[in-house]
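First up is the structure itself, then whatever we jot down about it.
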Amino acid sequence: MMRAPRTRWFSSLAALGSLLASCAGGGGGGGSGDTPPPAVVNPNVGLAVLERFDRLAELPAGERHAHFGGFDLTGGNDDGFSGVGIVPGNRAYLYHDGAEFVIFEVEGAGVVNRLSFALLGGTFTPPVFFVLGAEFFPLKFYFDGESVPRIVLTIEELTSGATAGFPSPLVGGEVVSSGGPFGYFPLPFEQGLRIATQGIPHFYNIDARLFETAEGVKTYEASDDPSDALAVLALVGSDPKPGSEADLSIAGTTSVDPGERDVIASLSGEGWITAVELRPLDGQPPATLRGVRLQVAYDGEGQARVDAPIGLLFGTGFAPVPVAGLAFGRRDDGTGYLYFPMPFHSSASVRLINDSPNPVSVEHVVRWREGSYGAPFGYFSASHTFLDAPVPGEDVVLLDTTGHGRLVGIVADLTTPDPPFGRTLLEGDERIYVDGLRTPAVHGTATETFFNWGWYESPVETPFAQPMHGYPHHGVGPDSDETSCYRLMFGDSIPFYESLRFGFEHGGINTNEGIYDAVVFYYRADAPALVQTDEFDVGNIASEADHSYALVPGVSPSALLSSFEGSAASLVPDDGYEVGASSSFLAEILPSNEGVRLVRLSDQETDRQRAEVRVDGAPVGVWYQSRTNPFSRWMEDAFEIPAAFTAGKSQIAVTILPSGNGTSWNEFRYKVFSRLP
């Protein structure tokens, strides 16, 4: 049995869990009624999401994000340049399997929803980085443990838009995406997916959603029909939500003097805003575009959750250029549009704040629907950050929030000194931390590749606008160089249940000067959906006794002093075990849980760690981690236990049975989280 002091700690957490559960609707929450589903749900779970832009505000449940990319494992800037790494052990792939380099491998159900490349060997790649034939390396997609790949295509074939089953604009090549071939065609799998290439990979980023169970998931087939998703993407410039023609509308013209504000729409009753449009943006002085802000507040809250300059809000940065984005954009006539769904319970207020030195006069349209959103939702939020002095050695953080929701997009205007050399600022990788894990959920390869393009200052570099990402403007002045980019994260939104922190390195190793002016879009309910209920320090005698830890066979603990990947690079000591046949421990949870998350601290110098997980003797699934890093060796990764194994229980017995791949499993610490109703 566990000791009394921990039981008292657990009791306080149980009380906290009950309190959090009772207010789960605060800052979002649910509504009554239902939004009718489409008559036929697409069997491709990823395409089904892309068909329903109107459901973007729904709070995530039973899913988490996975990212694989070729970032520099040493923490430097060899993010795919060499592919094999100048330093031994630094490589842009998971492992080499015979004639293939594996770049993505997971077990369990999920869907790959973003593929992004910056070719080393593409037609327009700068010659100094050219790798002969790289654009012709075949990618092979092995679904559900199959020995024969279902898809064998080169990057060029996969992203050209001319290959059957992979149509534009769900895919695009390096010409239409400025050196960054991309694929948004969803690739679902029921049991797992492995992606490999016959050539050494270089710059790539792959994003996926992973599910607790395979319920409702059907593995990709060549016959998957994207026509309804394509119909949504074809609505760029108009509201892509079904039924928008029947929305209520408030329209008018407002003039706001410096230092003043004006409410352009005040809505009462349950409903959701479907569109905000302002005109004209063209002809406005830069000071007006930076100083006039659109705010949206919900349900009587004093602080607006949307608060952003009108020059950034519509995807353009501050240049008078059109942007043809799906959720936001700027038409040729200077109209800025915002089409994110914005649900609320009892009221909403849309207003303009003029903090510029100039009076402003604009026409406005706000459209909305009465009635329930039909599902638990997060409030649509837009957070603005302006930073003109990045701190050396620290990431530029654009969003640091708590609660329950999803990250859905960003517009960024990046200005650097010393043109044309200052744009090395764009060498900085994006890093996104989710739910308190010290290992980034996303660690990319560069700022421009986050926005699905590449090779600034190359012959292929041309501003562009795609429905879900773009690089609409590049301006060079006597002493500055300005780059504007945007990305809508629709199918590839990043869910969080307790917290999210999103930032970029400023330059390859966090040393560049520059100005970051950005708006991040996200949905958020205030109450978390995840609460920690236990922590087990493996290797600590008292903690092992508290948790009835058993290790078979018994071995002596090993100590490790190392760092985590990303911005948390300080050295951390801990000790733990290599697990042979099995390990087991008791963990305390909330009886009201809707599932449990285990977070393991491990030494990822050992690659392809795999184990069967059992709860109270019942097999739950396989915990598999294919990544490795021999430099920053600490990793925290998660395993989800469905509520079928945990509901109504205050304690569970967890058994770990290492299996497969001929490698071992190690464990240094476990944190236990209960999912809240």
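Residues checked against (1) among the aliphatic types (A, V, I, L, M); (2) over 27 Å from Gly403 (Cβ atoms):
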| residue | (1), (2) |
| --- | --- |
| Ser563 | no, yes |
| Arg600 | no, no |
| Ala611 | yes, yes |
| Gly621 | no, yes |
| Arg627 | no, yes |
| Glu636 | no, no |
| Phe639 | no, no |
| Gln651 | no, yes |
Practice task
Mind checking which strands (runs of 3 or more DSSP E) fall wholly inside region 425-491 and carry at least 2 residues that are touching a strand residue (DSSP E or B) at 6+ places or on another chain (Cβ under 7 Å) and open to solvent by 30 Å² or more (accessible area, probe 1.4 Å)?
Solution key: 469-476
Completion exercise
(1) closer than 16 Å to Glu107 by Cβ; (2) without any contact (Cβ under 8 Å) to a residue 60 or more places away in the chain; (3) open to solvent by less than 30 Å² (accessible area, probe 1.4 Å) all hold for Gln604 apart from (1)
Completion exercise
Of the listed residues (Thr219, Thr213, Thr316, Thr253), the one being open to solvent by 60 Å² or more (accessible area, probe 1.4 Å), within 29 Å of Val171 (Cα to Cα) and either at pLDDT 95 or above or of a type in the set (Ser, Thr, Tyr) (or both) is Thr213
Handout entry: Complete set of residues in region 391-414 that are of a type outside the set (A, V, I, L, M, F, W, C) and open to solvent by 30 Å² or more (accessible area, probe 1.4 Å)
Key = Pro392, Gly393, Glu394, Asp400, Thr402
Practice task
For residues that are of a type outside the set (D, E, K, R) and farther than 20 Å from Val49 by Cα, tally how many sit in region 483-499.
Solution key: 5
Handout entry: Filtered residue count, region 140-175, keeping only those that are open to solvent by less than 70 Å² (accessible area, probe 1.4 Å) and aliphatic (A, V, I, L, M)
Key = 6
Handout entry: Qualifying positions in region 186-208 - open to solvent by less than 40 Å² (accessible area, probe 1.4 Å) and either among the acidic types (Asp, Glu) or in contact with a helix residue (DSSP H, G or I) (Cβ under 8 Å, 6 or more places away or on another chain) (or both)
Key = Pro186, Leu187, Pro188, Gly199, His202, Phe203, Asn205, Asp207
Problem - Boolean, Asp526 is under 27 Å from the mean Cα position of the chain (by Cα) and under 26 Å from Glu63 (Cβ atoms) - result: yes
Completion exercise
For region 597-639 the number of residues that are of a type in the set (Asp, Glu) and more than 25 Å from the chain's Cα centre (by Cα) is 3
Exercise for the section: With respect to Phe340, determine if the residue is under 20 Å from Met489 (Cα atoms), among the hydrophobic types (A, V, I, L, M, F, W, C) and buried (at least 23 other Cβ atoms within 10 Å of the Cβ). Expected result: yes
Practice task
Could you pull out every one of the strands (runs of 3 or more DSSP E) wholly within region 597-674 that has 3 or more residues that are more than 22 Å from Pro573 (Cβ to Cβ)?
Solution key: 609-615, 618-625, 634-641, 651-658
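Okay, residues lined up against (1) under 29 Å from Ser381 (Cα atoms); (2) modelled with pLDDT under 90:
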site: Ala24; (1), (2): yes, yes
site: Pro36; (1), (2): yes, yes
site: Pro43; (1), (2): no, no
site: Arg55; (1), (2): yes, no
site: Pro60; (1), (2): yes, no
site: Phe71; (1), (2): no, no
Handout entry: strands (runs of 3 or more DSSP E) within region 132-237 that include 1 or more residues out of contact with any Phe, Trp or Tyr (no Cβ under 9 Å at 6 or more places or on another chain)
Key = 138-143, 203-211
Problem - Only listed residue being open to solvent by 20 Å² or more (accessible area, probe 1.4 Å), touching a Ser or Thr at 6+ places or on another chain (Cβ under 6 Å) and farther than 30 Å from Arg423 by Cα, chosen from Asp575, Asp526, Asp537 - result: Asp537
Exercise for the section: Could you tell me whether any residue of region 610-619 is of a type in the set (A, V, I, L, M, F, W, C) and open to solvent by 10 Å² or more (accessible area, probe 1.4 Å)? Expected result: yes
Exercise for the section: Taking Thr219 as meeting all but one of (1) in contact with a helix residue (DSSP H, G or I) (Cβ under 9 Å, 6 or more places away or on another chain); (2) within 28 Å of Glu107 (Cβ to Cβ), write down the number of the exception. Expected result: (1)
Exercise for the section: Take region 77-109 and flag every residue that is open to solvent by 40 Å² or more (accessible area, probe 1.4 Å) and either farther than 15 Å from Tyr204 by Cα or free of Cβ contacts under 8 Å to residues at least 12 places away in the same chain (or both). Expected result: Ile86, Val87, Pro88, His96, Asp97, Gly98, Ala99, Glu107
Practice task
Tell me which residues, restricted to region 222-250, are among the polar types (S, T, N, Q) and open to solvent by 70 Å² or more (accessible area, probe 1.4 Å).
Solution key: Ser223, Ser249
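The values are calculated or read from the model by the stated rules, or taken from the named source; none is laboratory data. Model, not experiment: these values are computed from the prediction. When we count neighbours, we look across all protein chains shown, and the Cβ atoms used for this are built from the backbone with ideal geometry, even at glycine. What goes into the accessible areas is simple: the full protein's heavy atoms, side chains included, and nothing from ligands, DNA or RNA. Shrake-Rupley method; radii C 1.70, N 1.55, O 1.52, S 1.80 Å.
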